[in-house]
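The structure appears right after this line, and notes come after that.
Where a number appears in this text, it was derived from the coordinates with a stated rule and is not lab data. The structure displayed is predicted, hence computed values, not measured ones. Heads up, the Cβs are rebuilt from the backbone with ideal geometry, glycines too, and the neighbour counts pull from every protein chain shown.
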């Protein structure tokens, strides 16, 4: 896509509040940013018309191998995590590489249309055929021009619990999978869970890879593998390369223990990923009332200096019957569950599906600055907060300086006496009115 003509984005509003900004993309990078930029010869112009331009959405936690398989071979009747795992076990023998590729490509199409241009996907390695691994490596190759797909070798049935899982995981890494995964809380004992963390972190250190573990996806306050993960991260010098995903047991832990745990996570430079749509759906299933929300302590982690991202996790699969690759939906659920409804809290949730997730994946050249990759999304909103409220329409999606998706504005046409003929659901402010949009 580097052979595309230059692209000039006119009259954009940026997340930092600047308006009337132009961005010039040449050779797949932003080469100039500012008001009223001169247009080079042969340039393509995208008129932003004052709408919000952001760097692309990023999903730091997803399961692309299971996506869009809902109903195969049956539906999760209880809606629980454990039945979902059992159902996935029933489905694995029936999988074909062709069907896996087709479903994954369809989801990637949805993602691009939603402005989601980078996904970290866990892929099950407990099937000795490594069918899903090979399928998603093929998908990664095919979508590379328009979407960054990062794969995690995930021992879904437990590294030490499932026969051959460790050998399969190493084979997956040899084939080109990017990240070392794990699920310590699903091992037979807490001791084996801790041992799996040690083995996997040492493997990542040996190979120079990142780590992303499903960690403490439980309501049990004694599921404390994040402590072990932070310890081995520090011991092996893996700072900034390790992610603990879910961390839902922290929702049930006592405050004194968490007061010691948060600084340990921060000092180790471990990233945290919450999955609001799925955590709120799968946790608290053993409760009557009151029911626990289940999502990890997002505001407290952020206040401790931990980088927190949000993931979509599932879409139309054995665990979740909904989803459409909309990271604004993820962020909106996160801000409600975490009660982060202040302006500052809303902005933190917006960052959790953009810049924070980009840090987790280690994306190079992410952002709207000169020298950054020319990837951007034009939203039908004026601020990130308005984008969250509206799940804003993605008017245009830009990848490496080329427009890869366009969407019609969300507009209703009214027939009401004395009222406007059209409504676009953005907040209309009179000039000079108090509290006008920044």
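Values computed for the structure shown
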item: Degrees separating the helix 225-235 axis from the principal Cα axis of the chain, which is the longest one; result: 80 degrees
item: Global geometry of the stretch 195-278, whether rounded, prolate or oblate, following the gyration tensor of its Cα atoms and the 1.5 cut on a/c; result: prolate
item: Crossing angle, helix 81-91 versus the chain [Cα axis fit, 0-90 degrees, rounded to tens]; result: 90 degrees
item: Descending Cα extents along the principal axes, the stretch 238-315, whole Å; result: 38, 33, 17
item: Fraction of beta bridges assigned by DSSP in the chain that are antiparallel (%, nearest 5); result: 40 percent
item: The stretch 1-138: radius of gyration over Cα atoms, expressed as a fraction of 2.2 N^0.38 Å; result: 1.48
item: The stretch 153-235 shape via C-alpha gyration tensor axes, a/c threshold 1.5; result: oblate
item: Calculated [θ] (222 nm, deg cm²/dmol) that DSSP helices of n ≥ 4 give over the chain, each run adding -39,500 (n - 2.57); result: -10000 deg cm²/dmol
item: Anisotropy class of the stretch 258-391 from Cα gyration tensor, a/c 1.5 cut; result: oblate
item: Alpha carbon convex hull of the stretch 126-178, volume per residue in cubic angstrom; result: 62 Å³
item: Zone of residue 403's modelled label, taken as backbone nitrogen in the stretch 41-62 under 16 Å from a point 7 Å along Cα→Cβ; result: 42-54
item: Cα-based helix-to-principal-axis angle, 97-113 vs the chain, degrees rounded to 10; result: 40 degrees
item: Protection proxy ranking of 362-371, 310-319 - average other beta-carbon atoms within 10 Å, highest first; result: 310-319, 362-371
item: For the stretch 287-319 and the stretch 4-53, distance of Cα centres in Å; result: 36 Å
